[in-house]
Amino acid sequence: MGNDNPTNASNVRSDRVVTNSQGNPINEPFATQRVGQYGPLLLQDFTLLDSLAHFNRERIPERNPHAHGSGAFGYFEVTDDITDVCGSAMFNEIGKKTRCMVRFSTVGGEKGSADTARDPRGFATKFYTEEGNLDWVYNNTPVFFIRDPAKFPHFIHTQKRNPETNLKDANMFWDFLTTPENQVAIHQVMILFSDRGTPATYRNMNGYSGHTYKWSNKKGEWFYVQVHIKTDQGIKNLNNEEAVKIAGENPDYCGQDLFKNIKEGNFPTWTVYIQTMTEAEAQKLPFSVFDLTKVWSHKQFPLRRIGKMVLNENPKNYFAQVEQVAFSPSHTVPYQEASADPVLQSRLFAYPDAHRHRLGANYHQIPVNCPYASRVFNPSIRDGPMNVDGNLGSEPNYLSTAKSYNYTQASKPIQQHQEVWNGPALPFHWATSPGDADFVQARGLYNVLARTPGQQQALAHNVAVHVANACPEIQERVFAMFSRVDKTLGQSIKREALSISPRSSSQQAKL
Ligand code: NDP
């Protein structure tokens, strides 16, 4: 028989006798209760109704965005001492290993969409540390499209479906990105339309914090930090035509690749680095340290190796361990804090809110999300739907004078020695930077692409085949935007786009 502890969720019978949801053995799997041989079915047939009703409720809301993804378990191992930068326990000893879970994903597509879509990839890691769960909710690109968080729903809508046609829509897509104040996205758009926009596999791509974080050491010194998780398998991309072909032939190509390689013992690994910056250095930057559309120069802020990540265990159950895994940048540990980057600040709220919606208020009780290496004790966090961990039994549900409680404030770092913010509430809208500032790094990337033969041409081609689906007015805005990066780039895109979708003379006359 199964486990007889009523509070234990793993109540599966070991004798494999099939039951209904209430543990009542089923006599025959496909029999229904019927009036006579040919009459209607009976409402009393709980086994049938139980099964049909549960089937109707199998799906939970898919993530919006990042609905489609794959995941695996593994560990992070410290390879270098960084206790001068970060006091988190997971870094306190060279060789220390922390179990982790990674979920890779695309962004815009629905749960059943293709792995090889041109899209950024999510690269989210949950570390089960002794100080609680830490999530690094990163992407495979070091920058993002927006820096005003209020634009996020607008932006994502333009990457998804037209509300009328329910189709992907090149006009919506480029209308948003070419609106002058949204052209802060140009750096990310360049990466997206380079061949890095279609990684060959999840194993062959990097992860980046993108955002600036604040890490501090045990002496109270603190640093702005960016994290880079670099693939040891090497960067490998698909070209546009390969990606489109695979999307049709095997839409789960990357998920299959990840599962197969781990199953065969070919464990993918990544080397983890940080870039650090002091507050004084940040004040001298030509852009804000909180600007998610910018990278920190590798030359000025060299990468410093901190550890290694290994994925060596496939999930046993996709729904339980991947569909239900819940990441948030606000799930953090002592000595690792969010910076004032406004997009990051908004994510601190939005992610747990998404989980409460998708999984319920007790999403932290789902095994994959349990901080099992630290464990939870909070007498006032009680009840709620799907409470399955015993709900702290008879423990008072407030801080009772009859009980004792332990706190760790004394040793927990505080941020009062960090930046000081002061001022009235302001309507802050982070539109375009003066002059060409938002195009400088995009141009830098265009020069980086020149180091690999054919990559500048691939960028122009990848934009051209996409924008060929837009109307002439939007196309002209796209050509003009890429011409601001480089004149030849704009011209190459125009030449190819117009050769794919030539304009009629009346269309031409309207421009
Ligand atoms: P570096 O020459 O030191 O670094 C260039 C970096 O460009 C590489 O290390 C690589 O980052 C990245 N890169 C190479 N090919 C591509 C590609 N096809 N798509 C996207 N990124 C690519 O120069 P800087 O640090 O001075 O940066 C110059 C430009 O490089 C920037 O304008 C930026 O656009 C781009 N870049 C910089 C990154 C950074 O963190 N400094 C990261 C990514 C891009 P990686 O090693 O992470 O793969």
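Quick notes
- Distance from the range 31-52 to the range 162-238 (C-alpha centre basis), Å: 53
- Put simply, the range 91-208 fits an ellipsoid with semi-axes of 31, 16, 14 Å; these come from the alpha carbon gyration tensor as the roots of five times its eigenvalues, largest first.
- Over all projection directions, the Cα-based convex hull of the range 224-288 averages an area of 7.0 nm².
- Over 19 Å (Cα to Cα) - which of Lys126/Lys230; Lys236/Lys316; Lys230/Lys299; Lys230/Lys308 fall in this group: Lys236/Lys316
- Potential extension, Glu28-Gln283 segment - 0.36 nm per residue separation minus Cα distance: 84.5 nm
- Listed peptides 319-325, 42-48 by packing density, highest first (mean Cβ within 10 Å): 319-325, 42-48
- Semi-axis lengths (Å, descending) of the ellipsoid that matches the C-alpha gyration tensor of the range 398-511: 53, 20, 18
- Every helix of 4 or more DSSP H residues in the chain counts as -39500 (n - 2.57), and over all residues that averages to -8000 deg cm²/dmol at 222 nm.
- Backbone phi angles across the range 347-359, fed through the Karplus curve with coefficients 6.51, -1.76 and 1.60 (θ = phi - 60°), yield HN-Hα couplings of 5, 4, 8, 5, 5, x, 5, 4, 5, 4, 6, 6, 10 Hz in residue order; Gly and Pro are listed as x.
- When Arg477, Arg203 are arranged by Cβ crowding within 10 Å, least crowded first, meaning fewest neighbours, the order is Arg477, Arg203.
- Size estimate for the chain follows the Kirkwood approach: the inverse of mean 1/r over distinct Cα pairs works out to 25.7 Å.
- Global form of the range 170-296, assessed from the alpha-carbon gyration tensor, a/c cut-off 1.5: oblate
- 0 to 90° range, to nearest 10: angle between helix 253-263 axis and the chain longest Cα axis: 50
- Highest-first packing order for the peptide set 169-175, 222-228 is 222-228, 169-175, based on the mean count of other beta carbon atoms within 10 Å.
- Sorted fewest first by neighbouring Cβ atoms within 10 angstrom, Ile186, Ile414, Ile366, Ile381 come out as Ile414, Ile381, Ile366, Ile186.
- Cβ charges +1 (Lys, Arg) and -1 (Asp, Glu), total dipole of the range 1-152, debye: 520
- DSSP-defined beta bridges in the chain - what % are antiparallel, rounded to 5: 100
- When both the range 430-505 and the range 269-345 are represented by their alpha-carbon centers, they are found 29 Å apart.
- For the range 272-391, the normalised intensity computed at q = 0.10, 0.12, 0.17 Å⁻¹ comes to -0.48, -0.67, -1.07 (log10 of I(q)/I(0), Debye sum over alpha carbons, equal scatterers, no solvent).
- Values of log10 I(q)/I(0), in the order q = 0.11, 0.14, 0.15 Å⁻¹, for the range 1-135 under a Debye, Cα-only, solvent-free model: -0.77, -0.95, -0.98
- Taking label points 7 Å from Cα along the Cα-to-Cβ direction, Leu498 and Asp50 give a separation of 7.0 nm.
- Counting charges near Arg121 (Lys, Arg +1; Asp, Glu -1) among other residues having Cβ under 10 Å from its Cβ returns a value of -1.
- The HN-Hα couplings worked out from phi for the range 453-459 by the Karplus form 6.51 cos²θ - 1.76 cosθ + 1.60 (θ = phi - 60°) are x, x, 6, 5, 5, 4, 4 Hz, whole numbers, x standing for Gly and Pro.
- Distant alpha-carbon pairs in the range 440-483 (separation over 16 angstrom), percent: 43
- Reference-scaled alpha-carbon Rg (2.2 N^0.38 Å with N residues) for the range 307-466: 1.55
- For the range 182-240, taking Cα atoms only, Rg and Dmax work out to 15.5, 50 Å respectively.
- Against the rule of thumb 2.2 N^0.38 Å, how large the Cα Rg of the range 219-259 comes out: 1.97
- Long-range HN-HN contacts of Ala326 with modeled amide H, under 5 Å: none
- Global size of the range 94-135 as Cα Rg and Dmax, reported in angstrom: 14.3, 41
Each value in this text was obtained by applying a stated rule to the coordinates, not by laboratory testing. Nothing here was measured: the structure is a model prediction, and the numbers come from that model. Neighbour counts run over all protein chains shown; Cβ positions are idealised from the backbone, glycine included.
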